[in-house]
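In what follows, a single structure is set out as structure tokens and then discussed.
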Amino acid sequence: TLFRSDGNEEKEKSSSTYSNPVYKEISFANGCVNRMSKGDLRAKLTELHLDTRGAKDILRKRLKNYYKKQKLTQVFQDGSSADTYYDYICVIDFEATCEEGNPPDYIHEIIEFPIVLVNTRTLEMEDTFQQYVKPEIKSQLSDFCIKLTGITQDLVDSADSFPQVLQNVVDWMRKKELGIKHKYAILTDGSWDMSRFLNMQCRISRLKYPRFAKKWINIRKCFGNCYKVPRTQTRLTMMLEQLGMRYDGRPHSGLDDSRNIARIAVRMLQDGCELRVNERMHAGELMNVASSAPRSEEH
């Protein structure tokens, strides 16, 4: 191998990799897939023993990804089945106090802290964490909140306060060696869980905003980018519907919501979508992230 002193060896390596004829074959296969009808796509996916559920754009993406993986595996002997940029993804979907017709300045307090741990290599939901939280400001849940979330007054009355639950989360993540041995990312359904609920709760509890939650994957943005779906069609039930899946469990249960979001994330990884950190908190404000390296040491 020739090493040049001008720092261009990496650029040359990259350009030589992408000049490989396999990329022309992939491009040709993509063109063929683009011309297929929905019926043709389903027939081909059935023939290949792949999932046939989902809208046409999603079926197209699935078939393209299959051909791409097959051709790259033949050339580079890289048999990885999904995007393993992170070792684990932690899906979090809080439940918080609410009332019917919340005013804009309503103070939401977290009453359920769930996590679903997804292994990006096995594509399994490897473990879960769930704890209820006792609210500080409004200790009495509204009837609307109880009916919506299924969280009863007794559950929050007997729960720990938020500072203790947050410490339990950090201890659980350490036990799983997240950020120590394993690269991981937090994943949420939208921006509100971190930028609004967690941000507000830390102020209520007079806690510093936790380092592990300063960056996260907003799955709605990834879903829209991967499947070319308008942002208006990326709500949880809509994403499931686009993928030909149904909600499993009780809507607005934090743990069940997190499990369903995890199901979407797994399907996206199987379809060749990239899940990358795309939002962060900076000085108490929500910011977009263009790209991000895997996390290896933040708690």
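Structure notes:
- All positions within segment 219-245 that are open to solvent by 10 Å² or more (accessible area, probe 1.4 Å) and touching an Asp or Glu at 6+ places or on another chain (Cβ under 6 Å): 228, 236
- Summed over segment 104-127, residues that are open to solvent by less than 60 Å² (accessible area, probe 1.4 Å), part of a loop (DSSP other than H, G, I, E, B) and either at negative phi or free of Cβ contacts under 8 Å to residues at least 60 places away in the same chain (or both) total 4.
- Within segment 149-167, tally of residues that are assigned to a helix (DSSP H, G or I), touching a strand residue (DSSP E or B) at 6+ places or on another chain (Cβ under 6 Å) and closer than 17 Å to residue 206 by Cα: 2
- Criterion violated by residue 259 - all others in (1) part of a strand (DSSP E or B); (2) open to solvent by 50 Å² or more (accessible area, probe 1.4 Å) satisfied: (1)
- Residue pairs meeting the criteria (Cβ under 8 Å; at least 6 apart or on separate chains; first more than 19 Å from residue 256 (Cβ to Cβ) and hydroxyl-bearing (Ser, Thr, Tyr), in segment 142-162; second assigned to a loop (DSSP other than H, G, I, E, B) and open to solvent by 60 Å² or more (accessible area, probe 1.4 Å)): 142/99; 142/100; 161/136
- Residue 249 surrounded by 17 or more Cβ atoms within 10 Å (Cβ to Cβ), under 26 Å from residue 144 (Cβ atoms) and in contact with a Lys or Arg (Cβ under 7 Å, 6 or more places away or on another chain): no
- Residue in segment 268-277 that is within 19 Å of residue 49 (Cα to Cα), in contact (Cβ under 8 Å) with a residue 40 or more places away in the chain, open to solvent by 20 Å² or more (accessible area, probe 1.4 Å) and hydrophobic (A, V, I, L, M, F, W, C) present: no
- Top-ranked residue of segment 44-58 - restricted to ones that are of a type outside the set (Lys, Arg) and under 27 Å from residue 230 (Cα atoms), ranked as most open to solvent (accessible area, probe 1.4 Å): 57
- Scope segment 230-261; condition more than 16 Å from the chain's Cα centre (by Cα) and hydrophobic (A, V, I, L, M, F, W, C); matching residues: 245
- Within segment 34-75, the residues that satisfy the criterion of being aliphatic (A, V, I, L, M) and either part of a helix (DSSP H, G or I) or in contact with a strand residue (DSSP E or B) (Cβ under 6 Å, 6 or more places away or on another chain) (or both) are 41, 43, 45, 58, 59, 63, 72, 75.
- Considering residues of segment 129-150 that are among the hydrophobic types (A, V, I, L, M, F, W, C) and open to solvent by 70 Å² or more (accessible area, probe 1.4 Å) only, the residue farthest from residue 176 (Cα to Cα): 144
The values are calculated or read from the model by the stated rules, or taken from the named source; none is laboratory data. These numbers come from a predicted model, not from an experiment. So basically every Cβ, Gly included, is an ideal-geometry build from the backbone, and we count neighbours across all protein chains shown. With ligands, DNA and RNA removed, areas are computed over all heavy atoms of the protein, side chains included. Shrake-Rupley method; radii C 1.70, N 1.55, O 1.52, S 1.80 Å.
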